Amino acid sequence: MRLLILGGTSEASALAAAVAGREDVAPILSLVGRTENPKPAPIPTRTGGFGGVEGLRSYLSSNAIGAVVDATHPFAEQISRNAARACAVSRVPLLVFTRPPWRREPGDDWIEVDGIEAAVDALGAGMRTVFLTHGRLQLAAFARAPQHRYLVRAIDRPAAIDALPGARLLLARGPFALADEEQLMREEGVELLVTKNSGGAATYAKIEAARRLGVRVVVVRRPTAPDGETATTLSDAIAWIGAHRPAP
Ligand code: NAP
């Protein structure tokens, strides 16, 4: 069975590693290609957009794709919507493989907001040291709150970093350890942390460090995912693939 994995996440990488070498599945990992040095994948990879719903529908048909696993980031709304529509029209089974969101724990000081603009508003009028960890997209939104001192962490240099004069840029890729996150936030005097509710273990340490240090966290809620079958563990995703293989 030809299996298309929509990727760009650690879930997609884990799934790619799990199906690599299987004789009953011919997987293809699809990446948008924005990360400058992506980790090499153990399965064939294609890069770039499909060209909307119609482009994806045509890709599914011309490549005889038998099933799709949407393992994109929970905030990658457009590709997930496109996958839901294209798979429905093409009658190709679709699984959304995603990590559960983080939940507020006792001791957490969270402000939950819908979208980055609301996150900017939540920082308040006074000057604060703000740790931005929501990724390089939508960084420019913080330019309208120039009173803050920004510490920005991203995998690659964000083009919009110049919109935040005086921002300190840290280039790093998770996973991050709790002790390192705590030390960084203490040394930098972080007063507010901004994060998307991405979920998963790789970047959770900053939430725990904020709890320990009494740092307020502005948490951007997830967009609503399209309806459909969902797995939150690798073993459930593998079982779903097994159940959708054509009979020999
Ligand atoms: P998006 O807004 O949902 O997608 C924008 C367009 O990029 C899509 O319409 C599609 O173009 C193309 N695209 C996205 N993911 C693709 C994939 N895996 N393979 C082929 N084309 C893809 O997505 P985004 O928020 O910009 O995120 C882009 C990628 O980065 C995703 O793959 C996601 O998993 C990863 N990522 C995103 C975040 C985040 O916070 N958003 C964080 C970490 C990783 P066409 O319409 O031309 O097909």
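Here are a few things to note about the model shown:
- All-pairs Cα distance distribution in the stretch 1-156, expressed in whole percent, bin size 10 Å: 9, 32, 28, 20, 10, 1
- Element breakdown for the chain at a 1.4 angstrom probe: carbon and sulfur atoms account for 51% of the accessible area.
- For the peptides 43-56, 4-17, the ranking by packing is 4-17, 43-56, with the highest mean count of neighbouring Cβ atoms within 10 Å listed first.
- Label point 7 Å beyond Cα of Asp114 along Cβ direction - residues of the stretch 200-238 with amide nitrogen under 14 Å: 220-225
- Across the protein chains, with a 1.4 Å probe defining accessible surface, the residues Ser235, Ser30 rank Ser235, Ser30 from largest area downward.
- Using the Cβ-Cβ distance between Ala201 and Ala159 with R0 set to 30 Å, the FRET efficiency works out to roughly 0.55.
- Inter-label distance, nm, simple model (7 Å from Cα along the C-beta direction), Ala140/Ala225: 3.0
- Relative contact order (%) - the chain, alpha-carbon pairs under 8 angstrom, separation at least six: 22
- With semi-axes defined as the square roots of five times the eigenvalues of the C-alpha gyration tensor, the equivalent ellipsoid of the stretch 1-74 measures 18, 17, 10 Å, largest first.
- Mean projection area, nm², convex hull over Cα of the stretch 100-248: 10.9
The values are calculated or read from the model by the stated rules, or taken from the named source; none is laboratory data. The structure presented is a predicted model; accordingly, all values stated were derived computationally and were not measured. Cβ atoms come from the backbone with ideal geometry, glycine included; neighbour counts cover every protein chain shown. Note: areas computed on protein heavy atoms with side chains; ligands, DNA, RNA excluded. Shrake-Rupley method; radii C 1.70, N 1.55, O 1.52, S 1.80 Å.
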